[in-house]
Amino acid sequence: MAIAAVIPARYHSSRFPGKPLADICGKPMVQYVYERAKKSTLVGETIVATEDARIADVVRKFGGKVVMTSPGHRTGTERVAEVAGGIEAEIIANIQGDEPLICGEIIDEAIRPLILDESIHISTLKSPITRVSDWFNPNVVKVVTDREGFALYFSRSPIPFSHHKPERDGRFIFPEQEYGDGSLPSGPLYRHIGLYVYRRSLLLSISQMEPTQLETTEGLEQLRLLENGWRMKVVPVDYHPIGVDTPEDLREVREMLDREDLP
């Protein structure tokens with residue numbers, strides 16, 4: 001079964017222009033992502049998808065494979081789907097280009113459900129939330145799943161709601177300060193890790209789907225699939241990603257690589 005990893009890498013970012021080319025300890029960020037994706041034992045082909053010649057040139061210089069895509073894509077998923085239309089791989093992993101610390105083992109964990117179960121068409125990842133600040137952070141997407149590990153909902157809000165704190169004036173209270181002691185509510189609390197694995201047929205159809213109401217409300221593209229009735233397997237992993245959205249995030253990644261001497 002042919003499996004490909006596609007890394008969407010867009011140059012124009014409102015918060016961090018040129019992000020894929022940002023230097024991390026002597027290498028551009030896109031190279032870190034590419035080399036780590038190549039360590040997956042299940043991926044046969046790794047491709048960078050970009051609309052920008054500068055990124056394409058850098059990828060070619062370090063020996064990577066790159067495909068130029070349309071500048072009109074609204075999302076990374078659409079960019080990945082364009083690449084998928086030109087290759088024969090049955091399974092496509094969409095690996096975010098701003099995750100320089102991603103590892104091959106985590107990518108394999110996301111891919112395995114589609115290998116083991118032909119009824120699964122899409123999978124993704126989750127990891128435990130351990131800090132109250134992450135639970136309340138709208139940039140940390142939360143996910144809840146059913147008993148079989150399929151996504152019920154994704155949200156930027158703290159989910160599931162916890163009613164175990166005392167009521168105030170007969171009303172439920174849910175301010176962040178109620179958890180100021182650092183304790184988290186009981187129950188499973190998970191953050192979503194934005195790595196997706198698709199069967200090619202589903203990936204090619206996503207760009208034909210119209211944006212949905214919940215997707216627009218939350219600003220989360222994955223809700224489009226749930227609203228259209230697709231079941232999404234969510235695999236639990238012990239991995240805490242550091243996505244690079246800002247120059248401050250980049251400094252944190254550099255410090256981690258220097259401190260831990262990661263490859």
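The values are calculated or read from the model by the stated rules, or taken from the named source; none is laboratory data. What you see is a predicted model; the values in this text were computed from it and never measured. We place every Cβ from the backbone using ideal geometry, glycine too, and count neighbours over all the protein chains shown.
Against the condition in contact with a Lys or Arg (Cβ under 6 Å, 6 or more places away or on another chain), β-branched (Val, Ile, Thr) and crowded, with 20+ Cβ neighbours inside 10 Å, how does residue 102 come out, does it pass? The answer is yes for residue 102. Every listed requirement among (1) part of a loop (DSSP other than H, G, I, E, B); (2) modelled with pLDDT under 95; (3) over 24 Å from residue 131 (Cα atoms); (4) more than 17 Å from the chain's Cα centre (by Cα) is met by residue 230 save one, (2).
The residue pairs whose first member lies in segment 214-235 and is of a type in the set (Asp, Glu), whose second member is surrounded by fewer than 18 Cβ atoms within 10 Å (Cβ to Cβ) and part of a loop (DSSP other than H, G, I, E, B), and whose beta carbons are closer than 7 Å, counting only pairs six or more residues apart or on different chains, are 218/156; 221/75; 227/212. The set of residues in segment 133-150 that are farther than 16 Å from residue 245 by Cα and in contact (Cβ under 8 Å) with a residue 60 or more places away in the chain comprises 143, 145, 149, 150. Scanning segment 113-134 for residues that are of a type outside the set (S, T, N, Q), touching an Asp or Glu at 6+ places or on another chain (Cβ under 9 Å) and under 16 Å from residue 189 (Cβ atoms) yields a count of 3.
Of all the listed residues (246, 216), the sole one being among the β-branched types (Val, Ile, Thr) and either crowded, with 18+ Cβ neighbours inside 10 Å or closer than 26 Å to residue 22 by Cβ (or both) is 246.
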